[in-house]
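Worksheet for the structure shown next.
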Amino acid sequence: PPSIRRISDKYDKVFVTGCLEPDTSGPRANAAFVVLARNKELEGVIQSIKSIERHFNRWFHYPYVFLNDGDFNQTFKDTITNYTSAPVEFGKIDPWMWGYPDWVDEAVAKEGVAKQGDAAIMYGGMESYHHMCRFYSGFFYKHELLQKYEWYWRLEPEIKYFCDITYDPFIHMDRANKTYGFTIAVKELRETVPNIFRYASAYKRINNLTSQGLWEMFIEKPEDKPADLPKDDPKYTKPLPDEILNTEPGAGALPEVDPEAMEGESYNMCHFWSNFEIAKLDWFRSKEYNDFFEMMDRSGGFWMERWGDAPIHSLAAGALLSPRDIHYFRDFGYRHTTIQHCPANAPMRQLPREPFLEATTTDEKARKEEDQYWAEWDQERENGVGCRCK
Ligand code: GDP
Ligand code: MN
């Protein structure tokens, strides 16, 4: 049987090992925390700020940018400012970045959203959630308060960091020439993105993009465990023929496809969980990323389905980046709601499938490399990568 080879040692390693005193002597990156939130989430935001301040930012003092489609009230602003000594800015999101664009038939879109509500799709019936996902997919990096920054670190209400982060991840990302960093990869709920992969793979095909190796992370392989949920009709997982892409844009444009007419790759639902992200804003600002977003957007999938920004960012990365552009923050202890990553307590070999790290091979040499990788990893953990999660 083929062995699984970890490819992370080849492309990506933990930046710093050992228990360190935070080294704050070097220069800072041009970077900020980005937090999208509503006034009513103040308590959850405080929890997140306390956690990141305690474990990182009390040493590094990176600024925060808070964004909201509404107005932050004075209580929110005053309270947040009290929990950090770093600079804080509060911004309002322009209506053109949030809500229905003028090319959308709003009645059709609202109907689409309502149907997902009836079908009990998670957040499917919540209009504001659709807007939020679209904002994080194609607009946050265009906000005026982010224009001066090169890097961002996304924070959400109700997250928790378990471990002290004693080095500057932006500086290390920059040095290692990384574009996108994650700490958790999970499977998406299939019913929220039934057509997303057809559009993403069509984008790749139309632009003659050949895989640089990361795309494979998102492809269902024969040895994959069956998805938790029953698969939808196979027509949703097949690539999109060109003629369909010529349909008029707008909500409701998601087309029916003859399943017999096509064959090919299907999406395994993997994605980087985007409530944590450290990434280079220039990548999002690139023409390639924006073409990708535009095509996905024009399909109407942000309303007719409930496409999350996580699978959007992930599939864009799959189409445009290579494994060496990605950094896995395996040493960050992080939790959001029910899912967490703990570098010390979670035995790395038993984590749920880490597709980014896996490639299949029957090669003996590769198998040895695999063993070597794990030996090194065990040693790194002994030396104090990450922390104990209590
Ligand atoms: P979940 O993590 O997928 O369960 O979704 P959340 O409710 O945490 O939303 C994701 C992020 O978007 C969080 O930072 C929320 O504060 C933010 N968010 C979601 N909906 C809205 C909204 O309507 N307005 C604003 N300003 N922020 C929102
Ligand atoms: Mn959340």
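The values are calculated or read from the model by the stated rules, or taken from the named source; none is laboratory data. On a predicted model such as this, the values are computed, not experimentally measured, just so you know. Every residue, glycine among them, receives a Cβ derived from its backbone with ideal geometry; neighbour counts consider all protein chains shown.
Out of curiosity, is Arg154 closer than 30 Å to Lys92 by Cα, at pLDDT 95 or above, part of a helix (DSSP H, G or I) and among the charged types (D, E, K, R)?
On the way: closer than 30 Å to Lys92 by Cα: yes; at pLDDT 95 or above: yes; part of a helix (DSSP H, G or I): no; among the charged types (D, E, K, R): yes.
Judged against the criteria, Arg154 is not a match.
Given Glu144, Glu111, Glu127, Glu156, which one is within 16 Å of ligand 2 (Cβ to nearest atom) and surrounded by fewer than 21 Cβ atoms within 10 Å (Cβ to Cβ)? So that I can check it myself, show each step before the final result.
On the way: Glu144 fails: within 16 Å of ligand 2 (Cβ to nearest atom); Glu111 fails: within 16 Å of ligand 2 (Cβ to nearest atom); Glu127 fails: within 16 Å of ligand 2 (Cβ to nearest atom).
Residue meeting the stated conditions: Glu156.
Any idea which of Asp78, Asp94, Asp105 is at pLDDT below 95 and more than 23 Å from His336 (Cα to Cα)? Explain how you work it out, then say what you get.
On the way: Asp78 fails: at pLDDT below 95; Asp94 fails: at pLDDT below 95.
Only one candidate passes the filter, namely Asp105.
Take Gly70 and tell me if it is touching a His at 6+ places or on another chain (Cβ under 9 Å) and modelled with pLDDT of 95 or more.
Values: touching a His at 6+ places or on another chain (Cβ under 9 Å): no; modelled with pLDDT of 95 or more: yes.
Spelling it out, it is not the case that Gly70 is touching a His at 6+ places or on another chain (Cβ under 9 Å) and modelled with pLDDT of 95 or more.
In this structure, is Ser299 among the polar types (S, T, N, Q), surrounded by 24 or more Cβ atoms within 10 Å (Cβ to Cβ) and more than 15 Å from ligand 1 (Cβ to nearest atom)?
On the way: among the polar types (S, T, N, Q): yes; surrounded by 24 or more Cβ atoms within 10 Å (Cβ to Cβ): yes; more than 15 Å from ligand 1 (Cβ to nearest atom): yes.
So Ser299 passes the test.
Could you tell me whether Asn57 is surrounded by 16 or more Cβ atoms within 10 Å (Cβ to Cβ), more than 16 Å from ligand 2 (Cβ to nearest atom) and either closer than 25 Å to Arg335 by Cα or aromatic (Phe, Trp, Tyr) (or both)? Write out each step before concluding.
Numbers: surrounded by 16 or more Cβ atoms within 10 Å (Cβ to Cβ): yes; more than 16 Å from ligand 2 (Cβ to nearest atom): yes; either closer than 25 Å to Arg335 by Cα or aromatic (Phe, Trp, Tyr) (or both): yes.
The answer is yes for Asn57.
Could you check Ala86 against (1) modelled with pLDDT of 95 or more; (2) of a type in the set (A, V, I, L, M, F, W, C); (3) touching a Phe, Trp or Tyr at 6+ places or on another chain (Cβ under 9 Å); (4) farther than 21 Å from Leu42 by Cα and say which number it fails?
Of everything listed in (1) modelled with pLDDT of 95 or more; (2) of a type in the set (A, V, I, L, M, F, W, C); (3) touching a Phe, Trp or Tyr at 6+ places or on another chain (Cβ under 9 Å); (4) farther than 21 Å from Leu42 by Cα, Ala86 misses just condition (4).
Taking only pairs six or more apart or across chains, which ones have beta-carbon atoms under 7 Å, a first residue in the stretch 317-337 that is under 17 Å from Leu281 (Cα atoms) and in contact (Cβ under 8 Å) with a residue 24 or more places away in the chain, and a second residue that is away from ligand 1 (no atom under 16 Å from the Cβ) and of a type in the set (Val, Ile, Thr)?
Here the result reads Ala317/Ile326; Leu321/Thr179; Asp325/Thr179, each pair linking the stretch 317-337 to a residue that is away from ligand 1 (no atom under 16 Å from the Cβ) and of a type in the set (Val, Ile, Thr).
Only one of Phe56, Phe90 is aromatic (Phe, Trp, Tyr), part of a strand (DSSP E or B) and in contact (Cβ under 8 Å) with a residue 12 or more places away in the chain; which? Outline the logic, then answer.
Values: Phe56 fails: part of a strand (DSSP E or B).
Among Phe56, Phe90, only Phe90 is aromatic (Phe, Trp, Tyr), part of a strand (DSSP E or B) and in contact (Cβ under 8 Å) with a residue 12 or more places away in the chain.
Take the conditions aromatic (Phe, Trp, Tyr), touching a strand residue (DSSP E or B) at 6+ places or on another chain (Cβ under 9 Å), over 17 Å from Pro95 (Cβ atoms) and away from ligand 2 (no atom under 16 Å from the Cβ) and apply them to Tyr161. Does it pass?
no
Looking only at the stretch 35-76, count every residue that is closer than 24 Å to Trp151 by Cβ and more than 14 Å from ligand 1 (Cβ to nearest atom) and tell me the total.
The total comes to 13.
Quick one: is Thr79 among the β-branched types (Val, Ile, Thr), free of Cβ contacts under 8 Å to residues at least 60 places away in the same chain and closer than 23 Å to Asp23 by Cβ?
On the way: among the β-branched types (Val, Ile, Thr): yes; free of Cβ contacts under 8 Å to residues at least 60 places away in the same chain: yes; closer than 23 Å to Asp23 by Cβ: no.
Criteria not met by Thr79.
Would you check if there is a residue in the stretch 293-300 being within 16 Å of the chain's Cα centre (by Cα), acidic (Asp, Glu) and assigned to a helix (DSSP H, G or I)?
Scanning the stretch 293-300, I find no residue that is within 16 Å of the chain's Cα centre (by Cα), acidic (Asp, Glu) and assigned to a helix (DSSP H, G or I), so the answer is no.
State all residues of the stretch 119-151 that are at pLDDT 95 or above, away from ligand 1 (no atom under 13 Å from the Cβ) and not acidic (Asp, Glu); if no residue qualifies, say none.
Listed by number, the residues that qualify are Gly125, Gly138, Tyr141, Lys142, Leu145, Leu146, Gln147, Lys148, Tyr149, Trp151.
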